[in-house]
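Peer 1: Handing you this structure, nothing more for now.
The values are calculated or read from the model by the stated rules, or taken from the named source; none is laboratory data. Since we're looking at a predicted model, the values are computed, not measured. Using ideal geometry, Cβ is built from the backbone for each residue, glycine included, and neighbour counts are taken over all protein chains shown. In case anyone asks, the SASA skips ligands and DNA or RNA and just uses the protein heavy atoms, side chains included. Shrake-Rupley method; radii C 1.70, N 1.55, O 1.52, S 1.80 Å.
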Amino acid sequence: MKLWGGRFKDGTDPLVNDFNSSIRIDKRMYREDILGSLAHVKMLGANGIIPLASSKKIEEGLLELLKRLDNGVIEIDMASEDIHSFTEGLLTYYIGPCGKMLHTGRSRNDQVTLDLRLYLKGYIPIIIKDLNLLLKVLYKKSEENIDTIMPGYTHLQKAQPITFAHHLLAYCEMFKRDIKRLKDALVRIDEMPLGSGALATSTYPIDREMVAKELNFSKITLNSLDSVSDRDYVIETLSCLSIIMMHLSRFSEEIILWCTNEFNFIELSDKYSTGSSIMPQKKNPDVAELVRGKTGRVYGDLITLLTVMKGIPLAYNKDMQEDKEALFDALDTVTLSIKTFNGMIDTMKIKKDIMKSGASKGFTNATDLADYLVKKGMAFRNAHEIVGEVVLYCIKENKGIEDLTLLKLKEFSSIFKSDVYNAIDLNTCVQERKVLGGPSKESVLIQLDELKKFINAIEGEFIND
Ligand code: ARG
């Protein structure tokens, strides 16, 4: 059913019908559309804008429609222009002419943004819960690897020894921020736009507060022109999703590196790897690569909407219909990526010995050798110079610092005593970094404790259904 035939003499070109239609995309908002209509019609009845008996009849019809769509008794008609035309058309088909009162004091312009806000209010908690599950898996893996020494890198060059727990907990901080960002976005999504009409509200005595209460919104939007043409909340959601993907992608890049024969720090489960059609030996980290690749796609969705919105005069313009395809694509991609990534991390095998022997090469204890001299009274810049010479010598001799005799070390500085070997032992290097945020067990336990509190708080706030 068309919602606007009266003014037209000619039918629309079939190609235009197709081009104009958004039903393939917005059909997934049928629940939100019906729930929004229910609140609207209740308000119309309660305020005498339409007869109470009619509003009750429409309510019953809408509830029946919702039930039938939920049960799959009826299907959404892809010939409809959009989900709003579909639900209104079917309602009228079910209950008769009374259904034609539903759209009193409303426009599809305020309706569509209401639907979208309702949809996000329901969907964002799902992503938050998925991220929280990922945090849980990372918590477990970190707990199991408090003592797993590995090389920490800068410029992808070995830098200082850390632990695998410390490394994983860095990603936990990122995912914690992602959750906080989504929660913050929800605050701005939680504003009720209905009543804004096409652009300038309406002349009926509508009660926007009542609709907001019915639909569990904390606030109502303040300016009708802005309400119908604001898609900041979609852009904000897409920004949050892009940052999540950026984090997953960085993590994926590390997974891919760690799986190489060169690093060999981890092995992914067969369940999360794929093979080659020609090279029998291959075991490829496709999941991590796909997460990394799909990041580009989610960034694209963000850029799509930023670009769509940049030149639109107030208020609603049809360009804005493009918002949902980008948003839904990003939501689906992020959901699938987090879930798959989670399983990949949960099942990966960590090669603790190889990580440790990796840390023992590449002079990761050189800073500690300099710090040793400083603690005995030398200025850091001088100590840095001396250790640089020690390292140069070791490279020439193909030795580690700890392989040098005390006699040899004394040639570089008479300050060196036999306690130097303990000072540059990898374990000491890690455990002496007790500063909050560092890799020592003491510090990592605090980080773990904070993580546990965070996970529990989110679990309490977003109770699983
Ligand atoms: N399908 C449209 C959208 O997604 C709904 C709003 C249509 N409004 C209009 N004035 N044509 O944006």
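Peer 1: Go through segment 105-122 and count every residue that is open to solvent by 30 Å² or more (accessible area, probe 1.4 Å) and more than 14 Å from the ligand (Cβ to nearest atom).
Peer 2: So the answer is 2.
Peer 1: Would you pick out the residues in segment 291-320 that are within 11 Å of the ligand (Cβ to nearest atom) and open to solvent by 80 Å² or more (accessible area, probe 1.4 Å)?
Peer 2: Lys318 - this is the single residue of segment 291-320 that is within 11 Å of the ligand (Cβ to nearest atom) and open to solvent by 80 Å² or more (accessible area, probe 1.4 Å).
Peer 1: Here's a follow-up. Scan segment 1-25 for residues that are in a helix (DSSP H, G or I), touching a residue at least 60 places away in the same chain (Cβ under 8 Å) and out of contact with any Phe, Trp or Tyr (no Cβ under 9 Å at 6 or more places or on another chain) and jot them down.
Peer 2: Scanning segment 1-25 gives Asn17, Asn20.
Peer 1: Criterion first (open to solvent by less than 40 Å² (accessible area, probe 1.4 Å), away from the ligand (no atom under 16 Å from the Cβ) and aromatic (Phe, Trp, Tyr)) does Phe265 satisfy it?
Peer 2: So Phe265 fits the description; yes.
Peer 1: Mind checking which residues of segment 201-216 are among the aliphatic types (A, V, I, L, M) and assigned to a loop (DSSP other than H, G, I, E, B)?
Peer 2: Matches in segment 201-216: Ile206, Leu215.
Peer 1: Filter segment 294-319 down to residues that are without any contact (Cβ under 8 Å) to a residue 60 or more places away in the chain and assigned to a loop (DSSP other than H, G, I, E, B), then give me how many there are.
Peer 2: Qualifying residue count for the region: 3.
Peer 1: Return the pair list, or none, for Cβ contacts closer than 6 Å from residues in segment 74-93 that are part of a helix (DSSP H, G or I) to residues that are of a type in the set (Phe, Trp, Tyr), at least 6 apart or on different chains.
Peer 2: Ile83/Tyr30
Peer 1: Among the residues of segment 321-334, is there at least one that is loosely packed, with under 15 Cβ neighbours inside 10 Å, outside any helix (DSSP H, G or I), modelled with pLDDT of 95 or more and more than 16 Å from the ligand (Cβ to nearest atom)?
Peer 2: Within segment 321-334 (the criterion being loosely packed, with under 15 Cβ neighbours inside 10 Å, outside any helix (DSSP H, G or I), modelled with pLDDT of 95 or more and more than 16 Å from the ligand (Cβ to nearest atom)), the answer is no, since none of the residues qualifies.
Peer 1: Going residue by residue through segment 170-183, is there one that turns out to be of a type in the set (Asp, Glu), in contact (Cβ under 8 Å) with a residue 40 or more places away in the chain and more than 19 Å from Ser218 (Cβ to Cβ)?
Peer 2: Taking every residue of segment 170-183 in turn, at least one turns out to be of a type in the set (Asp, Glu), in contact (Cβ under 8 Å) with a residue 40 or more places away in the chain and more than 19 Å from Ser218 (Cβ to Cβ).
Peer 1: Sticking with this one: Select, from Ser54, Ser37, the only residue that is polar (S, T, N, Q), assigned to a helix (DSSP H, G or I), within 16 Å of the ligand (Cβ to nearest atom) and surrounded by 14 or more Cβ atoms within 10 Å (Cβ to Cβ).
Peer 2: So the residue among Ser54, Ser37 that is polar (S, T, N, Q), assigned to a helix (DSSP H, G or I), within 16 Å of the ligand (Cβ to nearest atom) and surrounded by 14 or more Cβ atoms within 10 Å (Cβ to Cβ) is Ser37.
Peer 1: Going by what's in this entry, would Val73 be described as closer than 20 Å to Ser202 by Cα and either more than 15 Å from the ligand (Cβ to nearest atom) or of a type in the set (Gly, Ala, Ser) (or both)?
Peer 2: Here the answer is no, as Val73 does not meet what is asked.
Peer 1: If Asn47 passes every condition in (1) open to solvent by less than 10 Å² (accessible area, probe 1.4 Å); (2) under 26 Å from Lys219 (Cβ atoms); (3) more than 14 Å from the ligand (Cβ to nearest atom) but one, which one does it miss?
Peer 2: (1)
Peer 1: Find the helices (runs of 4 or more DSSP H) located wholly in segment 382-465 whose residues include 1 or more that are more than 18 Å from Phe363 (Cα to Cα) and not small (Gly, Ala, Ser), and list them.
Peer 2: 406-412, 441-461
Peer 1: Further, regarding this structure: Being assigned to a helix (DSSP H, G or I) and open to solvent by 40 Å² or more (accessible area, probe 1.4 Å) is the filter here, so list the residues in segment 365-381 that pass it.
Peer 2: Those that are assigned to a helix (DSSP H, G or I) and open to solvent by 40 Å² or more (accessible area, probe 1.4 Å): Thr367, Asp371, Val374, Lys375, Phe380, Arg381.
Peer 1: Which residue pairs have Cβ atoms closer than 6 Å, lie 6 or more positions apart in sequence or on different chains, and pair a first residue in segment 99-111 that is without any contact (Cβ under 8 Å) to a residue 12 or more places away in the chain with a second residue that is away from the ligand (no atom under 12 Å from the Cβ)?
Peer 2: Close Cβ pairs satisfying both conditions: Lys100/Thr92.
Peer 1: Further question: Evaluate the following for Lys283: is it surrounded by 13 or more Cβ atoms within 10 Å (Cβ to Cβ), more than 18 Å from the chain's Cα centre (by Cα) and among the basic types (Lys, Arg)?
Peer 2: yes
Peer 1: Let me ask something else. Any idea which residue in segment 78-97 is nearest to Asp13 (Cα to Cα), counting only those that are open to solvent by 30 Å² or more (accessible area, probe 1.4 Å) and within 15 Å of the ligand (Cβ to nearest atom)?
Peer 2: Result: Ala79.
Peer 1: Another question, then. Would it be correct to say that Lys100 is outside any loop (DSSP other than H, G, I, E, B), more than 25 Å from Gly5 (Cα to Cα), away from the ligand (no atom under 15 Å from the Cβ) and among the charged types (D, E, K, R)? Show your work before the answer.
Peer 2: Working: outside any loop (DSSP other than H, G, I, E, B): yes; more than 25 Å from Gly5 (Cα to Cα): no; away from the ligand (no atom under 15 Å from the Cβ): yes; among the charged types (D, E, K, R): yes.
So Lys100 fails the test.
Peer 1: Return the total of residues in segment 236-293 being modelled with pLDDT under 95 and assigned to a helix (DSSP H, G or I).
Peer 2: Matching residues across segment 236-293 total 3.
Peer 1: Counting only residues that are out of contact with any Gly (no Cβ under 6 Å at 6 or more places or on another chain) and basic (Lys, Arg), which one in segment 260-314 is farthest from Ser249 (Cα to Cα)?
Peer 2: So, considering only residues that are out of contact with any Gly (no Cβ under 6 Å at 6 or more places or on another chain) and basic (Lys, Arg), the one farthest from Ser249 (Cα to Cα) is Lys310.
Peer 1: Here is a follow-up. Of everything in segment 398-418, what is surrounded by 11 or more Cβ atoms within 10 Å (Cβ to Cβ), without any contact (Cβ under 8 Å) to a residue 24 or more places away in the chain and under 30 Å from Phe164 (Cα atoms)? Give them in sequence order.
Peer 2: Passing the criteria: Lys399, Leu404.
Peer 1: Taking segment 352-364 on its own, how many of its residues are assigned to a loop (DSSP other than H, G, I, E, B) and open to solvent by 10 Å² or more (accessible area, probe 1.4 Å)?
Peer 2: Residues that pass the stated criteria total 4.
Peer 1: Condition first: under 33 Å from the mean Cα position of the chain (by Cα) and surrounded by 15 or more Cβ atoms within 10 Å (Cβ to Cβ). Now tell me which residues in segment 421-440 satisfy that. Can you show your working first?
Peer 2: Step one: filter segment 421-440 for residues under 33 Å from the mean Cα position of the chain (by Cα), giving 430, 433-440.
Passing the criteria: Val430, Arg433, Gly438, Pro439, Ser440.
Peer 1: Still on this structure, please answer the following. Output the residue which, of all residues in segment 138-167 that are part of a helix (DSSP H, G or I) and open to solvent by less than 20 Å² (accessible area, probe 1.4 Å), is nearest to Val234 (Cα to Cα).
Peer 2: Leu138
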